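Enquirer: Here's a structure for you.
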Amino acid sequence: MAMLEVSQLNVQYGEVRVLENLNLTVDKGNIVAITGTNGSGKTSVLNAIAGINPPSSGSIIFSNEKIHGLPTHQIVGKGLVLVPEGRQLFPTLTVQENLMAGLHSKGGLLLKNKLPQDLLKRFPIIKNRLNTSGASLSGGQAQLIALARGLISKPKLLLLDEPTLGLAPIAVKEFFDLILKLREEGQTILMVEQNLKQTLEIADYGYVLESGKLVMQGSGNALLKNSGLVENYLGFKNT
């Protein structure tokens, strides 16, 4: 069942069209990947869906509701959350304060004194760093906190933009293991990711963009088995 349907999406920055007639579907409970070379428009897709850069035309249907044109806070209130590239934690706030910033209601920020127990169980790192400032975290720690902040409001759909950028290999593996666990728990995920081989290995479905246009789509396994696609767009060879 489709949770998200993007149809004939066009996005422009001034006179420059960065996405052209894009069609994309995310089914409930799936991991869907958006891949392609740098500058292909991957992040622009997420920003359009999240309401950060509204489309110039086309439609975005989320849980059977039109969300294109809505402000970002209303889209978040409907259960769609973006974890942006670069983590974007507040450096002067503690881990707990950064996490609380992820709690939203229809009226805006919802202040509470206690973090959900299921979140603390899923992210053991949090317990020992509640009073640590965002600026003092390592890249891997910061990404986990950013992911936890995205999950704290229990979104229906989680958007991830380059979540492993700059992380050490061991932190990348830990992150992908966590993403798989989230899917097992029923979390729906749409992600843009630089570690393309690892992403397609876990993705239920993938979309490949070039210069703002969709050039190929298919299951993650099918895309990995396409030698021409892998070499031309993903930058590695099948072995």
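Enquirer: Under the condition of being part of a loop (DSSP other than H, G, I, E, B) and open to solvent by 10 Å² or more (accessible area, probe 1.4 Å), which residue from the stretch 176-202 is farthest from Asn47 (Cα to Cα)?
Expert: Here is the first cut: in the stretch 176-202, the ones part of a loop (DSSP other than H, G, I, E, B) are 185-187, 193-195.
Those left that are additionally open to solvent by 10 Å² or more (accessible area, probe 1.4 Å): 185-187, 194-195.
Numbers: Glu185: 26, Gly186: 23, Gln187: 20, Gln194: 17, Asn195: 20 Å.
If we take residues in the stretch 176-202 being part of a loop (DSSP other than H, G, I, E, B) and open to solvent by 10 Å² or more (accessible area, probe 1.4 Å), then Glu185 is farthest from Asn47 (Cα to Cα).
Enquirer: When you look at Gly166, is it touching a residue at least 24 places away in the same chain (Cβ under 8 Å), within 17 Å of Ala203 (Cβ to Cβ), of a type in the set (Gly, Ala, Ser) and in a loop (DSSP other than H, G, I, E, B), yes or no? Give the steps one after another, and end with the answer.
Expert: Working: touching a residue at least 24 places away in the same chain (Cβ under 8 Å): yes; within 17 Å of Ala203 (Cβ to Cβ): no; of a type in the set (Gly, Ala, Ser): yes; in a loop (DSSP other than H, G, I, E, B): yes.
Against the criterion (touching a residue at least 24 places away in the same chain (Cβ under 8 Å), within 17 Å of Ala203 (Cβ to Cβ), of a type in the set (Gly, Ala, Ser) and in a loop (DSSP other than H, G, I, E, B)), Gly166 does not qualify.
Enquirer: In addition: The conditions are (1) in a strand (DSSP E or B); (2) open to solvent by less than 20 Å² (accessible area, probe 1.4 Å); (3) at pLDDT 95 or above; (4) within 27 Å of Phe175 (Cβ to Cβ), and Thr25 fails exactly one of them. Which is it?
Expert: The number of the failed condition is (2).
Enquirer: Moving on to the next point. How about the stretch 219-234: which of its residues are crowded, with 17+ Cβ neighbours inside 10 Å and at pLDDT 85 or above?
Expert: Listed by number, the residues that qualify are Gly220, Leu223, Leu224.
Enquirer: Output the number of the condition that Leu160 fails; it satisfies all remaining conditions of (1) aliphatic (A, V, I, L, M); (2) buried (at least 21 other Cβ atoms within 10 Å of the Cβ); (3) more than 15 Å from Asn30 (Cβ to Cβ).
Expert: (3)
Enquirer: Here's a follow-up. Among residues belonging to the stretch 153-171 that are farther than 18 Å from Phe123 by Cβ and modelled with pLDDT of 90 or more, point out the one that is farthest from the chain's Cα centre (by Cα).
Expert: By that ranking, first place goes to Lys156.
Enquirer: Could you figure out which of (1) closer than 30 Å to Leu9 by Cα; (2) at pLDDT below 85 isn't true of Gly134?
Expert: Tallying (1) closer than 30 Å to Leu9 by Cα; (2) at pLDDT below 85, Gly134 fails exactly one: (1).
Enquirer: Tally time: how many residues in the stretch 53-68 are of a type in the set (S, T, N, Q) and in a strand (DSSP E or B)? Give the steps one after another, and end with the answer.
Expert: To start, the set of residues in the stretch 53-68 that are of a type in the set (S, T, N, Q) comprises 53, 56-57, 59, 63-64.
Then keep just the ones that are in a strand (DSSP E or B); that gives 57, 59.
Here the count works out to 2.
Enquirer: Are any residues in the stretch 8-46 basic (Lys, Arg) and closer than 24 Å to Ala222 by Cα, and if so, which ones?
Expert: If we filter the stretch 8-46 for residues that are basic (Lys, Arg), which is where we start, we get 17, 28, 42.
The answer is Lys28, Lys42.
Enquirer: Consider Arg87 carefully, then state whether it is under 17 Å from the mean Cα position of the chain (by Cα), within 26 Å of Ala33 (Cα to Cα) and either modelled with pLDDT of 85 or more or of a type outside the set (S, T, N, Q) (or both). Write out each step before concluding.
Expert: Details: under 17 Å from the mean Cα position of the chain (by Cα): yes; within 26 Å of Ala33 (Cα to Cα): yes; either modelled with pLDDT of 85 or more or of a type outside the set (S, T, N, Q) (or both): yes.
Answer is yes for this residue.
Enquirer: Continuing with this model, one more query. Just one of the numbered conditions (1) modelled with pLDDT of 85 or more; (2) of a type in the set (A, V, I, L, M); (3) crowded, with 19+ Cβ neighbours inside 10 Å is not true of Val16; which one?
Expert: Among (1) modelled with pLDDT of 85 or more; (2) of a type in the set (A, V, I, L, M); (3) crowded, with 19+ Cβ neighbours inside 10 Å, the lone unmet condition for Val16 is (3).
The values are calculated or read from the model by the stated rules, or taken from the named source; none is laboratory data. What you see is a predicted model; the values in this text were computed from it and never measured. Cβ atoms come from the backbone with ideal geometry, glycine included; neighbour counts cover every protein chain shown. Ligands, DNA and RNA are excluded from the accessible area calculation, which covers all protein heavy atoms including side chains. Shrake-Rupley method; radii C 1.70, N 1.55, O 1.52, S 1.80 Å.
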